[in-house]
Amino acid sequence: MKSFSQILQDTAPLFLIPSLGVEEIVYLKAETEEVIGAGNVKKLATIGVLAGRPAPMSVIGVLEKSRSSVSRQVLALVNRHPVSKAEGAPHGHGPRVEIEVANDSTSGISSAEVDEGRDKVRLVVVLEEEPQELRITKIISHDAGMMRLEAGV
């Protein structure tokens, strides 16, 4: 029986779209979110100074969230779309890609673990340029074997 990566390698050339191919991407799973409250006055005062607020006011009602993520590399079919309007936003345009991965938390991305809006993927958006991080905006479809995701700004 063929592995998922062998199936991807065999089927990708069948597509006539040059922007569609098997690639290694990085899935960034949002793990923790730390909230820094009024207990850390020195840090909040620093945030206030950097934000342009007077130091005494900076400690009142200011919260900073820091996020960490766990990453892993997965194989995916990547379909790049032209720059389009950001869905649900009144202004702004950005890149949009669809990726197809194995619906599995070891060799791909499990549909049960995806946190839309928080999780990201790092991939090459424009061929021959540096990889970018895009948010996973929606699960388009999934079944027991594969999952199609939309990523964008």
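The values are calculated or read from the model by the stated rules, or taken from the named source; none is laboratory data. If you're wondering where the values come from, they're calculated on a predicted model, not measured in any experiment. Cβ sites come from the backbone with ideal geometry, for glycine too, and all protein chains shown count toward neighbours.
What to note about this one:
- Some residue of the range 138-147 being under 9 Å from the mean Cα position of the chain (by Cα), among the acidic types (D, E) and surrounded by fewer than 16 Cβ atoms within 10 Å (Cβ to Cβ): no
- Residue among S110, S66 that is hydroxyl-bearing (S, T, Y) and at pLDDT below 90: S66
- When every residue of the range 118-127 is checked against the conditions, at least one turns out to be out of contact with any Pro (no Cβ under 7 Å at 6 or more places or on another chain), within 15 Å of K29 (Cα to Cα) and outside any strand (DSSP E or B).
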